[in-house]
Number of protein chains: 2
Amino acid sequence: MVILGLDPGTAATGWGVVSAEGSRLRSVDYGCIRTDAHTPPEERLAVIARALDGLLERFQPDAVAVEEVYVGGNPRTALAVGQARGAALTMAGLRHIAVAEYTVSQIKTAVSGYGRADKRQVQLMVGAVLGLAEPPSPDHAADALAAAICHAGQGPLAQRLRAAGVRG
Amino acid sequence: MVILGLDPGTAATGWGVVSAEGSRLRSVDYGCIRTDAHTPPEERLAVIARALDGLLERFQPDAVAVEEVYVGGNPRTALAVGQARGAALTMAGLRHIAVAEYTVSQIKTAVSGYGRADKRQVQLMVGAVLGLAEPPSPDHAADALAAAICHAGQGPLAQRLRAAGVRG
């Protein structure tokens, strides 16, 4: 199973591809799509969409995993994050690839065994879980890999729930 | 000039195409893209994206006009609206069509001369401005046409501002 994890944002969208063979997880590739703050929103979203479509074409993931956004506080931030997520989900949907969403706490627990791990701990644990020589950076890419790891772990359970008609 | 007005939403995205020849505005077509609440978000966004791409192909608009979202109150709503807007802006951006955003008050003033007109007044005035036999419905389509009318009215000013280096 190949999983594309995403950490969508208008300025920077982290991505990470993880392959799972049984309980063995491997990092295939990861990176970060950056957009120019001086270009209009629709062009920034198109840059993200084009890059993601290239990743979907290149890695042919079986699933896409994203963090469920914590929308506490600022509705303006929620709108901006929503637009970047919209671009990402659209490109997955257009290729009929299912998107799984996980809470921050689910992802941190899957990666580090602790739901309140900080950014640095997540980076270290993602590197360790995937057997990387160094912790992945930038943190957007590490967060994307963490979402993919979480999906790999929960994959079989989520599939069983789906088979039973429950949307995980 | 052909303008595609949009009122993006995950459940219902209103659209309206207006052509402007000098000061004469004409409704070319309008409608509403609806998605099934029982399908996953990425599939609903893909339905919207595919339909919008079809409209962009069919009507070849010079510009897309959308309402700037009022994000008062609920961040969860802002996130959901943001995702639908993200799908819409992405499809415009992928075709290099500029998206203009207007506040509710700018749109209502352009259509009815009054920034606090209610939904019914907007529908009636949109019908009158475009010389339609009946007010356009549903209201999502009327709102989309209103955004297009607003852009048609502000088009020359916005162009002059852009030429002067000011993003309208």
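Assorted remarks:
- Extension gain for the segment A:Asp36 to A:Tyr114, taken as residue separation times 0.36 nm less the Cα-Cα distance, is 24.6 nm to one decimal.
- The alpha-carbon atoms of segment A:35-109, seen along their principal axes, cover 37, 36, 17 angstrom, with the largest extent given first.
- Per-bin percent of Cα-Cα distances, chain A [5 Å]: 2, 9, 18, 22, 21, 15, 8, 3, 1, 0
- Kirkwood-based Rg to Rh ratio, the protein assembly as shown, C-alpha trace: 1.03
- Using a Förster distance of 51 Å, the FRET efficiency for A:Ala133-B:Ala133 (Cβ separation, nearest 0.05): 0.10
- Shielding by other protein chains, B:98-109, mean Cβ within 10 Å: 1
- Label distances, nm, A:Ala128 versus same residue in remaining copies, Cβ-directed 7 Å point: 7.0
- Listed peptides B:105-114, B:75-84, A:142-151, B:30-39 appear in the order A:142-151, B:75-84, B:105-114, B:30-39 once ranked by packing, highest mean of other Cβ atoms within 10 Å at the front.
- Distances from A:Arg24 to itself in the other copies, using label points 7 Å out along the Cα-Cβ axis, amount to 7.3 nm in increasing order.
- The relative contact order of chain B, computed from alpha carbon pairs under 8 Å that lie at least 6 residues apart in sequence, is 30 percent.
- Close amide H contacts of B:Asp29 (hydrogens built in the peptide plane, cut-off under 5 Å, sequence separation of 5 or more or a different chain): B:Val17.
- Legend: mean number of C-beta atoms from other chains within 10 angstrom of residue C-beta atoms, peptide B:42-55, equals 5.
- Sites B:Arg58 and B:Ser23, calculated FRET efficiency, Cβ-Cβ separation with R0 35 Å, nearest 0.05: 0.85
- Taking only the alpha carbons of segment A:62-158, we obtain Rg and Dmax values of 13.8, 39 Å in that order.
- Within the same chain, lysines fewer than 8 places from B:Lys108 are excluded, and of the rest, those with a Cα less than 29 Å from its Cα are B:Lys119.
- Length released on extending from A:Tyr70 to A:Val2, taking residue separation times 0.36 nm less the Cα-Cα span: 21.9 nm
Every number here is computed from the coordinates shown, using simple stated rules; none is lab data. Remember, predicted model here, so these are calculated numbers, not experimental data. Don't worry about glycine lacking a Cβ; one is built from the backbone with ideal geometry, like all the others, and counts go over all protein chains shown.
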